[in-house]
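The values are calculated or read from the model by the stated rules, or taken from the named source; none is laboratory data. This is a predicted model, so every value here is computed, not measured. Methodologically, a virtual Cβ is constructed for each residue, glycine included, from the backbone with ideal geometry; neighbour enumeration extends over all protein chains shown. For the accessible areas, the whole protein counts, side chains as well, though only heavy atoms, and no ligand, DNA or RNA atoms are used. Shrake-Rupley method; radii C 1.70, N 1.55, O 1.52, S 1.80 Å.
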Amino acid sequence: MKYLKFIPKILSLSILMLVLALQSVAQKLSESTKISLITVAPGDELNDAFGHTLLWIYDPSNGIDKAYNFGGYDYDTENFYFKFIRGQLPYQMSYAPLYAYQEYYQKHNRNMTEQVMSLGIGQKQLIFDSLEKTYNNPSTRNYMYKFFSDNCSTRIRDALMLACTDSVHLQNITAMNDSSYRQWMNKCLLRKHHYWAAVGMNAALGAPADKRILQFDACYLPENLMKSMAAARRMSKHHVYYFVRNTHDLFPTNPVDEEPSFFLTPRFWFSLILLITAYITFNDWKKRNKGYLYDKILFGIIGIFGWLLLFLWFGTDHGVTNYNKNLLWAFPLHLPIIFLLSEKKDARDFWYGYYFIVVGLMIAMGLFFVFQYSMDTVPLVLALFVRAFYHAGFEREHRMTKAKFRKIVKGRKLEVIHYEHENGIE
């Protein structure tokens, strides 16, 4: 009789297993199931500049309408902004009926392109089961977002590739090979006229962003994934098919391209700083001034920026901000070293020249890298180089050291004695 008390628990467990079994049977896809890659066009806001990707599974026979999205995050996350800055904010997988996304993106005038995938029922089921398993497990539903290697586009790319194993082959698209992550990023930013964002992101990114990548890795951008899938082929029963059965837009849009005023761009403001720097430097040379006040402002601000870049390298988990070559010109130790400069002529003046020689060489090397990927930043770096070159070269000629002062005084004494001797002055 003592075992009777376990009967309710056994019955509950059996019912639960039966429900789960029935649920799994109900989730078997029908032959009419459609799996589509949905590509959302870039938007006008910075966080929308790279577009978005969804994977839509539609099975009307079983009432399944799920557009899977890997680009969400929870604003209520504790220390949200701090985690976001440090690259430690978990992103979430979610899903919703496709019409919910259509209403949102149509309202924001962002085109949605549907590519219906040519897949067998077994491959469709494998993709669906994999996505459901990922979603139902909180440890896999949340993931650490990586801009270049693990995002809304790469997750869907991998889901398609894994389900089809070696039956899918990406066709070579020459234009999508032998570029870097940074170059693809710049194309998106500049196309939407995010010039200030391009300056900031290029300055923040380190050497990993300059890795030369091929087509597969270029699919970190939704538009590149869409193009790659359109050209891909699938092998089935010794026949080759296009991986995408058909393509169409879900609704009409009227894109608006508004070029910002040149006077609001970084190229204008940095060019203005360069002109002001050239003017101040010429006046300093003409009047034999050192002009350290201007240097303290210019190099002090750049020093603060350099410390920020150093924090992004060692204080965050982004990975792509490491080994940043921009630290050559945005040298953190400008602050506080620049405030040690003094207008007074004393024996300590000798180190100023050597400091600016080293800084000038570093800025020149940094300018070489900046010139390759951020032309808008070039005038600002040139302004730093002008000041360093002035202090390391021309300004040194005007520096009055004690040794020079003694030589001048001694020379003038000899001239006076020689003049008095010639004129017979006693």
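At-a-glance table
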item	result
Accessible carbon and sulfur surface of region 123-186 relative to its total accessible area, %, 1.4 Å	53 percent
Inter-label distance, nm, simple model (7 Å from Cα along the C-beta direction), Lys146/Ala96	2.9 nm
Efficiency of FRET from Cβ geometry, His238 and Trp196, R₀ 45 Å, rounded to 0.05	0.25
Average accessible area per residue (Å²) across region 220-336 - probe 1.4 Å, nucleic acids and ligands excluded	59 Å²
Share of pairwise Cα separations in region 35-105, more than 19 Å, in percent	46 percent
Label-point separation in nm, Gln27 to Val378, each point 7 Å along Cα→Cβ	5.6 nm
Protection-proxy order for peptides 249-257, 272-280, 223-231, each taking the mean of Cβ atoms within 10 Å per residue, highest first	223-231, 272-280, 249-257
Region 72-167 - accessible surface per residue (Å², probe 1.4 Å)	52 Å²
In Å, descending, principal axis extents of the Cα set of region 285-338	49, 16, 12
Accessible carbon and sulfur surface of region 293-347 relative to its total accessible area, %, 1.4 Å	77 percent
Computed accessible area, His239, all protein chains, 1.4 angstrom probe, square angstrom	110 Å²
